[in-house]
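This report refers to the structure that appears directly beneath it.
The values are calculated or read from the model by the stated rules, or taken from the named source; none is laboratory data. None of the values given here were measured: they were computed from a predicted structure. For accessibility, only protein heavy atoms count, side chains too; no ligands or nucleic acids. Shrake-Rupley method; radii C 1.70, N 1.55, O 1.52, S 1.80 Å.
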Amino acid sequence: LEYGEQITSAIASSQIFVLVFSSHSNDSTQVKNEVELANSRGLPILPFRIEDCLPTGSMEYYIRSKHWLDALTPPVERHIAQLADDVRALLISRGGLASRTQTERKLVDSRLRSRWPLRGAAISAAV
């Protein structure tokens, strides 16, 4: 598959869109396209801010009013754990875990608590 087709397919199969937000992602045309696609598909967009900057232009339009998670202070692992909890809660609220067997839910839960806990979410970053 082409790069654009892979991105589109990944976003289409996701239930949540996590945006790792920085000044670079704010300025990235590709990231803006991904955010726009996630928004058009009705995905919840969860900004995870890793740099002290604010969204501008079209990025501001899409994420300014969203609930932010800031990962600006050490240790970053604490912020990743919070992100995993928020992603898990959103997946549950959207029925993403409810339709799975108990064994599958335990597997998903263990993955959500791992170091990069975002299975079931599209992630976009330009850092």
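Worth pointing out:
- Estimated at 0.36 nm per residue, the fully extended path between Asn33 and Gln15 surpasses their Cα-Cα distance by 4.7 nm.
- For Thr73, the solvent-accessible surface computed with a 1.4 Å probe is close to 70 Å², ligands and nucleic acids excluded.
- Anisotropy class of the stretch 1-43 from Cα gyration tensor, a/c 1.5 cut: oblate
- In a fully extended conformation the segment linking Glu2 and Ala89 would gain 28.1 nm over its present Cα-Cα distance, using 0.36 nm per residue.
- The 1.4 Å probe gives accessible areas that order Glu2, Glu77, Glu51, largest first, as Glu2, Glu77, Glu51.
- In this structure, the amide hydrogen of Leu46, modeled 1.01 Å from its nitrogen in the peptide plane, lies closer than 5 angstrom to those of Phe17, Val18, Leu19, counting only residues at least 5 positions away or on a different chain.
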